[in-house]
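One structure below.
The values are calculated or read from the model by the stated rules, or taken from the named source; none is laboratory data. Everything quoted here is computed from the prediction, not taken from an experiment. With ideal geometry, Cβ positions are generated from the backbone for all residues, glycine too; neighbour counts draw on all protein chains shown.
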Amino acid sequence: MTVIEDLYKINQEIVTTSLEYSVRKMELKKKEAELLLNTNFEEVLGKSRPTVGDKEAYITLQTEELKHKVDEAEMNLDGLKRLFIIKKLEAKVTGNFLNTLAGVVDNDE
């Protein structure tokens, strides 16, 4: 596989992972909003006047798994972005990038 093909493949993975990250982030926000709107905090927390901090803590505990999924998707995305940069630098250092481009130009003629 050529350097350009490698970079193209990594770029496609970045796009896919970005979409996955966005979806997971939106799922988390929706769950937090549903909990905030539909929870009887007095009942679930056993306090007549729960504080904002109490409510936030409850929501955090209820969305822990979704938060981990968001973090995982974000870390995957960051890793792919770093891999893309590393591959570009590798190509520049080894000269493969320009050689690949020259090969593509030569093949077009």
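If you take the residues of the range 75-95 that are touching a helix residue (DSSP H, G or I) at 6+ places or on another chain (Cβ under 9 Å) and farther than 14 Å from residue 14 by Cα, which of them is modelled with the lowest pLDDT? Top of the filtered list is 94. Screening the candidates 60, 17 for the property of being touching a Leu at 6+ places or on another chain (Cβ under 6 Å) and either modelled with pLDDT of 95 or more or assigned to a helix (DSSP H, G or I) (or both) yields one hit, 17.
Could you tell me whether the range 18-29 includes any residue that is in contact (Cβ under 8 Å) with a residue 12 or more places away in the chain and within 30 Å of residue 94 (Cα to Cα)? Within the range 18-29, one or more residues are in contact (Cβ under 8 Å) with a residue 12 or more places away in the chain and within 30 Å of residue 94 (Cα to Cα).
Rundown of residues vs (1) acidic (Asp, Glu); (2) in contact with a helix residue (DSSP H, G or I) (Cβ under 7 Å, 6 or more places away or on another chain); (3) modelled with pLDDT under 95, yes/no style:
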| position | (1), (2), (3) |
| --- | --- |
| 1 | no, no, yes |
| 4 | no, yes, yes |
| 42 | yes, no, no |
| 51 | no, no, no |
| 70 | no, yes, no |
| 73 | no, yes, no |
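The residue that is farthest from residue 28 (Cα to Cα), counting only those in the range 38-68 that are of a type in the set (S, T, N, Q) and surrounded by 13 or more Cβ atoms within 10 Å (Cβ to Cβ), is 39.
One residue stands out in the range 20-56 among those that are touching a Leu at 6+ places or on another chain (Cβ under 8 Å) and of a type outside the set (D, E, K, R): the one that is nearest to residue 67 (Cα to Cα), namely 28.
Scan the range 28-48 and give yes if some residue there is among the hydrophobic types (A, V, I, L, M, F, W, C), assigned to a helix (DSSP H, G or I) and either within 21 Å of residue 77 (Cβ to Cβ) or touching a strand residue (DSSP E or B) at 6+ places or on another chain (Cβ under 6 Å) (or both), otherwise no. The answer is yes, given that some residue of the range 28-48 is among the hydrophobic types (A, V, I, L, M, F, W, C), assigned to a helix (DSSP H, G or I) and either within 21 Å of residue 77 (Cβ to Cβ) or touching a strand residue (DSSP E or B) at 6+ places or on another chain (Cβ under 6 Å) (or both).
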